[in-house]
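One structure below.
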Amino acid sequence: MKRPFFLGIDVGTQGARIALIDAEGNLIGREEEDFPLSDQSREEQSPEAWWQACIRSLTRLINRVRSEVNVDDISAVAVTSTSGTVIPIDVNNEPLHPAIMYSDKRSAEEGKQCRDAAMRYNSAGYTGFNSSSGLSKIVWYSKQFPLQVQKIARWIHAADFITGKLSGCWGITDFTNALKSGFDLQNNCWPEYLWEELGINKSWLPKVVASGTPIATLDAMVAQQLGLKETIQVVAGMTDGCASQVASGAVNLGDWNTTIGTTLVVKGVTRDEVKDPEDRLYSHRHPEGYWMPGGAGNIGADWITAEFKEDLTFLNEAAEDLVPTGKIVYPLMQRGERFPFISPVAEGFQQEGLSRQEKFAASMEGVAYVERYAYEMIQKLCGERVKAVYTAGGGSNSSVWLHIRSNVLNLPIYKMKWVTGAVGAAILAASKTHFADIVEASQALTQIEKEIHPQIDLVEKYNRFYHGFLEALREKGYIKLEAYA
């Protein structure tokens, strides 16, 4: 293992995950602890429970790797967590309330209030506020718990809490977490409408720095508890979606990441901020000053779990002989779509007479067609060419699906070996402590597992089938065909 080593911590809805990597991106070890999931935990969770889970996981990991590596060579740590999850804390940096989760829908009305205020007073900034936004939850809490408001010293994000516990340094967040709390990324400030129109106390808002910026060293008591050096640098964190993008390798201008899990998520790197009048996309700030636009749809790979999980090996092998199928399947499992087009009435459909094997193969093609439509929309909006797609998520485990997507997109597709939020956080930890920037860190620390290139004959066939798929969407009123085709 090549020194130094870097720790990444990912606190998600369902658990805490830790990764330790070396200076060449080799995974030294990982550890995790699940959280019990319930309807209540989708609304609120205990930040202290997160911290204790992190401490237990770190302890297990460090004790396990001591026989393999010198833990004194761990040089930096970073934290990633969910976007939009916020916590009010008091002057002693203790939570006044459980963490209000991004998935808590109680602040839907406040989301509309925040969106209206943003449109009126800061329309050039982020305006896509809804119930999953941190700002909406801050406004909601102020209405619901007026007596507690007087005790609030500051609001922090989920990643900030673990970062604060690690370092003893509070009141600092990063660009990616601050966005949905109302921070103006263009003007690098908290806009005045937050306190003048929404009643936010200005003193509640943290200082905002680029992800990966060193902010402190490991707290002495934490270092003693874990048996680590106090000189380990703690850096500003990042949202989980952005950390996964970093782990995928998509950090250079023109690089894009598609994650196909339950849903289809697209994120990339552009020189200029992408402005989407329909709010299908929004842009985070890249650690090096570029932009990281992204969007998430309702379509994804959930149709596999619902219909095909029992015989995936057989179906993937069968699909290799069937593609390109020329069949049309739009495998949306719920009503309504939000990206790359907005259609509240959209529903999944398929042409009649398909065998089970044909439906499986054509469903993979259908998702690939939606992915291509997304990238055509993105290129039209930003005027910058998509050069390559880096992929993640369960959908990227299918080799035949990777080949379908490469041929539909007519782009190379790269799948990295360790694409997790915790590894992305570890790369972030290294980005400004050992390397010059996140681009250099990603080049050194990501390892390509699969590299797929398009085949000319299949690209031509898929181009015809793609336009037939778009026509089917147009006929159902889901899209306007002239938009990007």
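The values are calculated or read from the model by the stated rules, or taken from the named source; none is laboratory data. These figures come from a predicted structure and were not determined experimentally. A quick note on method: Cβ atoms are made from the backbone with ideal geometry, for glycine too, and the neighbour counts reach across all protein chains shown. The accessibility values were calculated without ligands, DNA or RNA, using every heavy atom of the protein model including side chains. Shrake-Rupley method; radii C 1.70, N 1.55, O 1.52, S 1.80 Å.
Quick check on my filter: what residues within region 85-103 are assigned to a loop (DSSP other than H, G, I, E, B) and open to solvent by less than 10 Å² (accessible area, probe 1.4 Å)? Lay out the reasoning, then the answer.
Step one: list which residues in region 85-103 are assigned to a loop (DSSP other than H, G, I, E, B), which gives 85, 90-94, 96-98, 101-103.
Result: Thr85, Met101.
Is at least one residue of region 359-380 open to solvent by 50 Å² or more (accessible area, probe 1.4 Å), in contact with a strand residue (DSSP E or B) (Cβ under 9 Å, 6 or more places away or on another chain) and assigned to a helix (DSSP H, G or I)? Lay out the reasoning, then the answer.
Within region 359-380, the first condition is being open to solvent by 50 Å² or more (accessible area, probe 1.4 Å), and the residues that meet it are 379-380.
Of the ones still in play, those that are also in contact with a strand residue (DSSP E or B) (Cβ under 9 Å, 6 or more places away or on another chain) are none.
No, region 359-380 contains no residue that is open to solvent by 50 Å² or more (accessible area, probe 1.4 Å), in contact with a strand residue (DSSP E or B) (Cβ under 9 Å, 6 or more places away or on another chain) and assigned to a helix (DSSP H, G or I).
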Revision key, fill the gap. By residue number, the members of region 401-417 that are open to solvent by less than 10 Å² (accessible area, probe 1.4 Å) and either farther than 26 Å from Leu445 by Cα or over 20 Å from the mean Cα position of the chain (by Cα) (or both) are Trp401, Leu402, Ile404, Arg405, Ser406, Asn407, Val408
Revision key, fill the gap. All-but-one check, Thr13 against (1) at pLDDT below 95; (2) touching a helix residue (DSSP H, G or I) at 6+ places or on another chain (Cβ under 9 Å), failing number (2)
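Output yes when any residue across region 470-482 is open to solvent by 70 Å² or more (accessible area, probe 1.4 Å), of a type outside the set (A, V, I, L, M) and under 23 Å from Asp240 (Cα atoms), and no when none is.
So the first thing to find is which residues in region 470-482 are open to solvent by 70 Å² or more (accessible area, probe 1.4 Å), and the list is 474-476, 480, 482.
The next check asks that each one be of a type outside the set (A, V, I, L, M); those that pass are 474-476, 480, 482.
Then keep just the ones that are under 23 Å from Asp240 (Cα atoms); that gives none.
Taking every residue of region 470-482 in turn, none turns out to be open to solvent by 70 Å² or more (accessible area, probe 1.4 Å), of a type outside the set (A, V, I, L, M) and under 23 Å from Asp240 (Cα atoms).
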**Study point:** Sole residue being at pLDDT 95 or above, surrounded by fewer than 18 Cβ atoms within 10 Å (Cβ to Cβ), out of contact with any helix residue (DSSP H, G or I) (no Cβ under 7 Å at 6 or more places or on another chain) and not aliphatic (A, V, I, L, M), chosen from Gly348, Gly394, Gly383
**Key:** Gly348
Revision key, fill the gap. Note on region 107-139: residues outside any loop (DSSP other than H, G, I, E, B) and open to solvent by 20 Å² or more (accessible area, probe 1.4 Å) are Ala108, Glu109, Lys112, Gln113, Arg115, Asp116, Met119, Arg120, Tyr121
Practice item. Filter region 140-183 down to residues that are farther than 19 Å from Asp104 by Cβ, polar (S, T, N, Q) and not in a strand (DSSP E or B), then give me how many there are. Key: 4
Review point. Which ones in region 144-174 are of a type in the set (Val, Ile, Thr) and either free of Cβ contacts under 8 Å to residues at least 24 places away in the same chain or open to solvent by 20 Å² or more (accessible area, probe 1.4 Å) (or both)?
Key: Val149, Ile172
Review point. Is it true that Gly353 is in contact (Cβ under 8 Å) with a residue 40 or more places away in the chain and not aliphatic (A, V, I, L, M)?
Key: no
Exercise for review: Confirm whether Ser283 is of a type in the set (S, T, N, Q), assigned to a strand (DSSP E or B), closer than 30 Å to Gly25 by Cβ and at pLDDT below 95.
Suggested key: yes
Point to revise | Condition check for Gly326: closer than 21 Å to Ser396 by Cβ, of a type in the set (Gly, Ala, Ser), surrounded by fewer than 17 Cβ atoms within 10 Å (Cβ to Cβ) and in contact (Cβ under 8 Å) with a residue 24 or more places away in the chain | key: no
Review point. Somewhere in region 142-149, is a residue touching a Leu at 6+ places or on another chain (Cβ under 9 Å) and either within 30 Å of Thr59 (Cβ to Cβ) or among the polar types (S, T, N, Q) (or both)?
Key: yes
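Anything in region 184-199 that is part of a loop (DSSP other than H, G, I, E, B) and under 27 Å from the mean Cα position of the chain (by Cα)? List them, or say none. Quick ask: steps written out before the conclusion?
Within region 184-199, the first condition is being part of a loop (DSSP other than H, G, I, E, B), and the residues that meet it are 185-188, 190-192, 197-199.
Selection gives Leu185, Gln186, Asn187, Asn188, Trp190, Pro191.
From the residues in region 87-126 that are of a type in the set (Gly, Ala, Ser) and out of contact with any strand residue (DSSP E or B) (no Cβ under 6 Å at 6 or more places or on another chain), which one is nearest to Asn177 (Cα to Cα)?
Narrowing region 87-126 to residues of a type in the set (Gly, Ala, Ser): 99, 103, 107-108, 111, 117-118, 123-125.
Restricting the remaining residues to those that are out of contact with any strand residue (DSSP E or B) (no Cβ under 6 Å at 6 or more places or on another chain) gives 103, 107-108, 111, 117-118, 123-124.
On the way: Ser103: 15, Ser107: 18, Ala108: 19, Gly111: 17, Ala117: 20, Ala118: 18, Ser123: 20, Ala124: 19 Å.
It comes out as Ser103.
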Exercise for review: Please work out which residue is most open to solvent (accessible area, probe 1.4 Å), limiting yourself to region 1-11 and to residues that are touching a strand residue (DSSP E or B) at 6+ places or on another chain (Cβ under 7 Å) and assigned to a loop (DSSP other than H, G, I, E, B).
Suggested key: Met1
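Among strands (runs of 3 or more DSSP E) lying entirely in region 12-84, which contain 3 or more residues that are of a type in the set (Gly, Ala, Ser)? Walk me through it before giving the result.
Values: elements: 15-21, 27-34, 74-81.
Because the criterion is at least 3 residues that are of a type in the set (Gly, Ala, Ser), the strands (runs of 3 or more DSSP E) in region 12-84 that meet it are 15-21, 74-81.
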Study note, to complete from the structure: Of the conditions (1) out of contact with any Gly (no Cβ under 8 Å at 6 or more places or on another chain); (2) farther than 23 Å from Met377 by Cα; (3) crowded, with 22+ Cβ neighbours inside 10 Å; (4) not acidic (Asp, Glu), the single one that Ser211 does not satisfy is (1)
Exercise for review: Enumerate the pairs (first residue in region 369-381 and in contact (Cβ under 8 Å) with a residue 40 or more places away in the chain and more than 11 Å from Ile479 (Cβ to Cβ); second residue anywhere and assigned to a helix (DSSP H, G or I) and open to solvent by 10 Å² or more (accessible area, probe 1.4 Å)) with beta-carbon separation below 6 Å, excluding pairs fewer than 6 apart on the same chain, so at least 6 apart or on different chains.
Suggested key: Arg372/Leu409
Check your understanding: Any chance region 423-441 includes a residue that's closer than 23 Å to Glu317 by Cα and either in a helix (DSSP H, G or I) or of a type in the set (A, V, I, L, M, F, W, C) (or both)?
Key -> no
